[in-house]
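See below for the structure under consideration.
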Amino acid sequence: MTPRPLPKSPEPHRVVALLQPPQSTFTLACATEVFGDHGPAVPARYAFEVCTEHPGPVRTQAGYDLLVTAGLDALERADTVLVPGWQRPADAEVPSAVLTAIGRAHRRGARIVGICSGAFVLAAAGLLDGRRAATHWARAAELAARFPRVQVDPAVLYVDHGDVATSAGSAAGVDLCLHLVSADQGSAYAMRVARQMVMPPHREGCQLQYAELPTSGPVADSLAPLLEWLAGRLDQPVSVADMAVRSQVSTRTLTRRFTEQLGISPGRWLLDRRIAATRALLEETDLPVETIAHRVGLSSAVNLRRRFHEALRTTPAAYRRAFRADKAG
């Protein structure tokens, strides 16, 4: 069936990406692919351009320079200002001229978007104070520590407040940009763009399903024997009282040791290990969910699905489809 022609937009929405060395080329490409030219199949409703604080060559992480001719004054004519990442050291300050230009654009009514670590720039500008924000899961703790007034959500793929939006890791920038296109131009247009990119218009789940499988990390001698014992008994029901008996301490003492040394409760630690084991079995085997549930000590497929969804915002079946190591591309 031939798609119905989309109505033309009288005035293109101007998106200006603010580049800062060393620029992530992939993060920039994610935005370019969504807001750039898609050829005659998709009518142009966006005008995309780039700028930088000091026009000229902009160093990239890929080892080559981008020649950017527009300066910060380009933000003055932007409908959306997009910050595709912030790759400088954790203690580096965002240039004051950049913060001033972003703040001026926001007060004028422009939408400000941070992709991945670009959230650091928005936070430095004060645009995320008292608001939820997303960034790459590996930098979420850093963002929260540096900007305590920002409510960092390490799980979601993106957060959109209307005037300000942030996304998780680089590819989640595509999710956010497609969401913004849908909000601006309607779902039919966003679907057309997504099809051109061979992308789903919306991904289910959250970014925690892409994070590394959790490990115990360094553990003090007082807990190491217990954790090793628990790791070998994930298929068995174990209570906090059982753990305390094994460690020959009270449940209160055991809970205090877990909190002090691992930062979580004994029950939370054990559930995290069960979820990690579930992820591995979904990725590496064809075992039914019911069988996996018994192997990891979650008793039933119903309980596993509930716990898995609470942890990763997706289903075991969807996770398996996405992460099977031997799946065809």
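Of everything in segment 134-151, what is within 16 Å of Gly85 (Cα to Cα) and crowded, with 22+ Cβ neighbours inside 10 Å? Give them in sequence order.
Going through segment 134-151, the residues within 16 Å of Gly85 (Cα to Cα) turn out to be 134-140, 142-143.
Within segment 134-151, Ala134, Thr135, His136, Leu143 qualify.
Among the residues that make up segment 25-35, is at least one of them outside any helix (DSSP H, G or I), of a type outside the set (Ser, Thr, Tyr) and either at pLDDT below 95 or buried (at least 22 other Cβ atoms within 10 Å of the Cβ) (or both)?
Going residue by residue through segment 25-35, those that are outside any helix (DSSP H, G or I) are none.
No, segment 25-35 contains no residue that is outside any helix (DSSP H, G or I), of a type outside the set (Ser, Thr, Tyr) and either at pLDDT below 95 or buried (at least 22 other Cβ atoms within 10 Å of the Cβ) (or both).
I'm trying to understand the selection: among the residues of segment 36-61, which are touching a helix residue (DSSP H, G or I) at 6+ places or on another chain (Cβ under 7 Å) and either open to solvent by 60 Å² or more (accessible area, probe 1.4 Å) or modelled with pLDDT of 95 or more (or both)? Talk me through it step by step, then tell me what you get.
Here is the first cut: in segment 36-61, the ones touching a helix residue (DSSP H, G or I) at 6+ places or on another chain (Cβ under 7 Å) are 38, 41-42, 45-46, 48-49, 51, 53, 60-61.
Hits for segment 36-61 are Tyr46, Phe48, Glu49, Cys51, Glu53, Thr60, Gln61.
Inspect segment 197-211 for any residue being at pLDDT 85 or above, assigned to a loop (DSSP other than H, G, I, E, B), touching a helix residue (DSSP H, G or I) at 6+ places or on another chain (Cβ under 8 Å) and open to solvent by 50 Å² or more (accessible area, probe 1.4 Å) and give the result as yes or no. Break it down into steps so the answer makes sense when it comes.
Residues of segment 197-211 at pLDDT 85 or above: none.
No, segment 197-211 contains no residue that is at pLDDT 85 or above, assigned to a loop (DSSP other than H, G, I, E, B), touching a helix residue (DSSP H, G or I) at 6+ places or on another chain (Cβ under 8 Å) and open to solvent by 50 Å² or more (accessible area, probe 1.4 Å).
Looking at Val83, Val98, which one is among the β-branched types (Val, Ile, Thr), closer than 24 Å to Asp184 by Cα and open to solvent by less than 50 Å² (accessible area, probe 1.4 Å)? Reasoning before the result, please.
Numbers: Val98 fails: closer than 24 Å to Asp184 by Cα.
Only one candidate qualifies: Val83.
Counting only residues that are outside any helix (DSSP H, G or I) and closer than 18 Å to Leu176 by Cα, how many does segment 134-148 have? Before you say what the answer is, go through the steps one by one.
We begin by selecting, within segment 134-148, every residue outside any helix (DSSP H, G or I); these are 134-136, 147-148.
Retained after the next criterion (residues that are closer than 18 Å to Leu176 by Cα): 134-136.
Counting residues in segment 134-148 that are outside any helix (DSSP H, G or I) and closer than 18 Å to Leu176 by Cα gives 3.
Being closer than 23 Å to Arg111 by Cα and surrounded by fewer than 18 Cβ atoms within 10 Å (Cβ to Cβ) is the filter here, so list the residues in segment 62-78 that pass it.
Step one: of segment 62-78, the residues closer than 23 Å to Arg111 by Cα are 68-78.
The answer is Thr69, Ala70, Gly71, Asp73, Glu76, Arg77.
State all residues of segment 103-133 that are assigned to a loop (DSSP other than H, G, I, E, B) and buried (at least 24 other Cβ atoms within 10 Å of the Cβ); if no residue qualifies, say none. Can you show your working first?
Taking segment 103-133 as the starting set, the residues that turn out to be assigned to a loop (DSSP other than H, G, I, E, B) are 109-110, 125-131.
Listed by number, the list holds a single entry, Leu128.
Could you tell me whether segment 82-93 includes any residue that is outside any loop (DSSP other than H, G, I, E, B) and among the charged types (D, E, K, R)? Even if it seems obvious, please write down each step before you answer.
Of segment 82-93, the ones outside any loop (DSSP other than H, G, I, E, B) are 82-84.
Okay, now just the ones that are also among the charged types (D, E, K, R), so none.
No, segment 82-93 contains no residue that is outside any loop (DSSP other than H, G, I, E, B) and among the charged types (D, E, K, R).
Among the residues of segment 239-274, write down those that are modelled with pLDDT of 85 or more, buried (at least 17 other Cβ atoms within 10 Å of the Cβ) and aliphatic (A, V, I, L, M).
Within segment 239-274, Met243, Ala244, Leu254, Leu270, Leu271 qualify.
Confirm whether Arg111 is touching a residue at least 24 places away in the same chain (Cβ under 8 Å), of a type in the set (Lys, Arg) and out of contact with any Pro (no Cβ under 7 Å at 6 or more places or on another chain).
Yes: the conditions hold for Arg111.
Among the numbered conditions (1) in contact with an Asp or Glu (Cβ under 6 Å, 6 or more places away or on another chain); (2) closer than 22 Å to Ala17 by Cβ, tell me where Arg132 comes up short.
Result: Arg132 passes all but (2).
Give Asp160, Asp129 a once-over and let me know the one that is in contact (Cβ under 8 Å) with a residue 12 or more places away in the chain, over 21 Å from Glu93 (Cα atoms) and of a type in the set (Asp, Glu).
Only one candidate qualifies: Asp160.
Please tell me if Pro21 is surrounded by fewer than 20 Cβ atoms within 10 Å (Cβ to Cβ), in contact with an Asp or Glu (Cβ under 9 Å, 6 or more places away or on another chain) and assigned to a strand (DSSP E or B).
On the way: surrounded by fewer than 20 Cβ atoms within 10 Å (Cβ to Cβ): yes; in contact with an Asp or Glu (Cβ under 9 Å, 6 or more places away or on another chain): yes; assigned to a strand (DSSP E or B): no.
Spelling it out, it is not the case that Pro21 is surrounded by fewer than 20 Cβ atoms within 10 Å (Cβ to Cβ), in contact with an Asp or Glu (Cβ under 9 Å, 6 or more places away or on another chain) and assigned to a strand (DSSP E or B).
Name every residue in segment 290-319 that is over 19 Å from Ser239 (Cβ atoms), at pLDDT 85 or above and open to solvent by less than 80 Å² (accessible area, probe 1.4 Å), in order of residue number.
Thr291, Ile292, Ala301, Phe308, Thr315, Pro316, Ala317, Ala318
Among (1) modelled with pLDDT of 85 or more; (2) charged (D, E, K, R); (3) open to solvent by 50 Å² or more (accessible area, probe 1.4 Å), where does Asp175 come up short?
Answer for Asp175: the failing condition is (3).
The values are calculated or read from the model by the stated rules, or taken from the named source; none is laboratory data. Keep in mind it's a predicted model, so treat the numbers as computed, not measured. A quick note on method: Cβ atoms are made from the backbone with ideal geometry, for glycine too, and the neighbour counts reach across all protein chains shown. When the accessible area is computed, the model is the full protein with side chains, heavy atoms only, and any ligands, DNA or RNA have been set aside. Shrake-Rupley method; radii C 1.70, N 1.55, O 1.52, S 1.80 Å.
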